[in-house]
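Engineer: There's a structure below that I have some questions on.
The values are calculated or read from the model by the stated rules, or taken from the named source; none is laboratory data. What you are looking at is a predicted structure, and each value in this text was computed from that prediction instead of being measured. Cβ coordinates were reconstructed from backbone atoms using ideal geometry, including for glycine residues, and neighbour counts include every protein chain displayed. These area figures cover heavy atoms from the full protein model, side chains too; ligands, DNA and RNA do not enter into them. Shrake-Rupley method; radii C 1.70, N 1.55, O 1.52, S 1.80 Å.
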Amino acid sequence: MLNPYERSAEVYDLYYSWLDYETHAATVYDIIEQRRPGAQTVLDLACGTARYTEQMARWYDVEGLDISESMLTVAHRRMPDTSFHLGDMTDFDLGKRYDALICMFSSIAYVTSLRDLGRMIRCSAAHLDPGGILIIEPWFTPDVWNEHHVGSRVVEGDGLAVARIDTSVMEGNLVTMRWAWAVAWDDGDADAYVEEHPTALFTVAEYTTLLEAAGLAPEYDPGGPLGRGLHIAVKR
Ligand SMILES: C[S@@+](CC[C@H](N)C(=O)[O-])C[C@H]1O[C@@H](n2cnc3c(N)ncnc32)[C@H](O)[C@@H]1O
């Protein structure tokens, strides 16, 4: 079985073409401007193919960080002049500070222990000046996860079609998702593979406790861009 996004990075943008990055980024911009007017720099944690990075570049100097080389290959293609760092958001030191760090579209799901969630938050706080902002769009909370979920979706793009069927197994707060991908191109080529995505579900209280402990003042918006909530925390 393949690692997360190892092969699917190439079809990620097509598969998630339903996601309205432009509108969601404008919401994130409003949140930053309300709390840190005049902000200039943003680091996009777990930036993936740089869809949020690209949108935040409408207002800020941006950089991205991701653990997946294949996702960063697509990010570089999208924004060749932007700095992207290959790294782990639970253990990074870029030697500088930013006005805001964002971690969007539930990328935080891939942090699979409370210890690592604490590390991610502490590393993030170390990259903020007082008054700087950390914004995390969380994954689901344990109480709303549907343990026996299966799903499927097919998307057609310019010269290719992508299908993904999903299943998952839950043990405690750990959810291992298995995504079976099938891709077909109009030159007659076709491919199929399975990726395993280990994720974890955390409660709002767990985030709040860790954000407070890292010297941040947390707020929680239960809505957020996708109804999954939004943690907004300003460094004290
Ligand atoms: C659902 S994608 C979201 C990508 C992007 N933020 C977006 O909104 O399109 C999750 C991303 O998290 C990245 N990721 C997973 N674990 C990570 C880690 N420990 N450190 C940095 N990036 C990580 C994956 O490589 C992937 O690009």
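Engineer: Counting only helical runs of four or more DSSP H residues, what would the 222 nm mean residue ellipticity of the chain come to if each run contributes -39,500 (n - 2.57) and the total is spread over all its residues?
Structural biologist: Calculated mean residue ellipticity at 222 nm is -7500 deg cm²/dmol.
Engineer: Would you mind calculating the relative contact order of segment 143-200 from Cα pairs under 8 angstrom and at least 6 residues apart, reporting the percent as a whole number?
Structural biologist: Values: 108 pairs, mean separation 15.6, N = 58.
It rounds to 27 percent for segment 143-200.
Engineer: With θ set to phi - 60° and the Karplus curve 6.51 cos²θ - 1.76 cosθ + 1.60, what are the ³J(HN,Hα) couplings of segment 121-138 in order, to the nearest whole Hz, using x for Gly and Pro?
Structural biologist: Result, ordered by residue: 5, 5, 4, 5, 4, 5, 9, 10, 7, x, x, x, 10, 10, 10, 10, 8, x Hz.
Engineer: While we're on this one: In terms of modelled amide H atoms, which long-range or inter-chain residues lie less than 5 Å from the amide H of Met79?
Structural biologist: Those qualifying (amide H under 5 Å, at least 5 residues apart or on another chain) number zero.
Engineer: In segment 85-162, what trypsin sites (Lys or Arg not before Pro) fall in a loop by DSSP, with at most 11 other Cβ atoms inside 10 Å?
Structural biologist: Passing sites in segment 85-162 are Lys96.
Engineer: Take each of the peptides 176-187, 124-135, average the number of other beta-carbon atoms within 10 Å over its residues, and list them starting from the highest.
Structural biologist: Answer by packing, highest mean first, reads 124-135, 176-187.
Engineer: Now, a different point. What residues have an amide H closer than 5 Å to that of Phe84, excluding those fewer than 5 places away on the same chain, when H is modeled at 1.01 Å from N in the peptide plane?
Structural biologist: Gly64
Engineer: For the charge dipole of the chain, defined by +1 on Lys and Arg C-beta atoms and -1 on Asp and Glu C-beta atoms about the Cα centroid, which residue among Tyr60, Leu72, Thr208 has the Cα displaced farthest towards the positive pole?
Structural biologist: Projecting each Cα onto the dipole axis, the largest value belongs to Thr208.
Engineer: With +1 assigned to the C-beta of every Lys and Arg and -1 to the C-beta of every Asp and Glu, and no other charges, what is the dipole magnitude of segment 92-223 about the Cα centre in debye, to the nearest 20? Present the calculation step by step, with values, prior to reporting the outcome.
Structural biologist: Values: 8 positive and 21 negative charges, 112 e Å.
My answer is approximately 540 debye.
Engineer: I've got another one for you. Run the dipole for the chain about the Cα centre, Lys and Arg Cβ at +1, Asp and Glu Cβ at -1, nothing else charged, and hand back the magnitude in debye, nearest 20. Spell out each step's value before the answer.
Structural biologist: On the way: 18 positive and 37 negative charges, 162 e Å.
Roughly 780 debye for the chain.
Engineer: Then there is this: Report, to the nearest 10°, how far helix 69-78 tilts away from the longest principal axis of the Cα atoms in the chain, using its own Cα long axis and a range of 0 to 90°.
Structural biologist: Taking Cα atoms only, the helix is inclined about 80 degrees.
Engineer: How large is the charge dipole for segment 143-200, taken about the Cα centre, if only the Cβ atoms of Lys, Arg (+1) and Asp, Glu (-1) carry charge, to the nearest 20 debye?
Structural biologist: Values: 3 positive and 12 negative charges, 47 e Å.
So the dipole magnitude of segment 143-200 works out to roughly 220 debye.
Engineer: Compute the Rg/Rh shape ratio of segment 116-236: radius of gyration over Kirkwood radius, all on alpha-carbon atoms.
Structural biologist: Expressed as Rg/Rh, it is 1.11.
Engineer: Over the chain, with every protein chain in place, what whole percent of the accessible area is carbon and sulfur at 1.4 Å, could you tell me?
Structural biologist: Solvent-exposed carbon and sulfur of the chain make up 49 percent of the total.
Engineer: Note the direction-averaged projected area, equal to a quarter of the hull surface, for the Cα convex hull of the chain, in nm².
Structural biologist: Result: 12.4 nm².
Engineer: Put +1 on the Cβ of every Lys and Arg and -1 on every Asp and Glu Cβ in segment 82-173; which of Val162, Phe105, Leu128 then has its Cα farthest towards the positive end of the dipole?
Structural biologist: The residue sitting farthest along the positive end of the dipole is Leu128.
Engineer: Averaged per residue, what accessible surface does the chain expose to a 1.4 Å probe, in Å²?
Structural biologist: Accessible area per residue: 46 Å².
Engineer: Could you work out how much longer the chain between Asp187 and Glu22 gets when fully extended? Use 0.36 nm per residue separation minus the Cα distance between them, nm to one decimal.
Structural biologist: Values: separation 165, 0.36 × 165 = 59.40 nm, distance 3.20 nm.
Value of the extension gain: 56.2 nm.
Engineer: Measure off 7 Å from each Cα along the Cα-to-Cβ vector at Ser83 and Ala217, then give the distance between these two points in nanometres to one decimal.
Structural biologist: Each label point lies 7 Å from its Cα, and together they span 2.9 nm.
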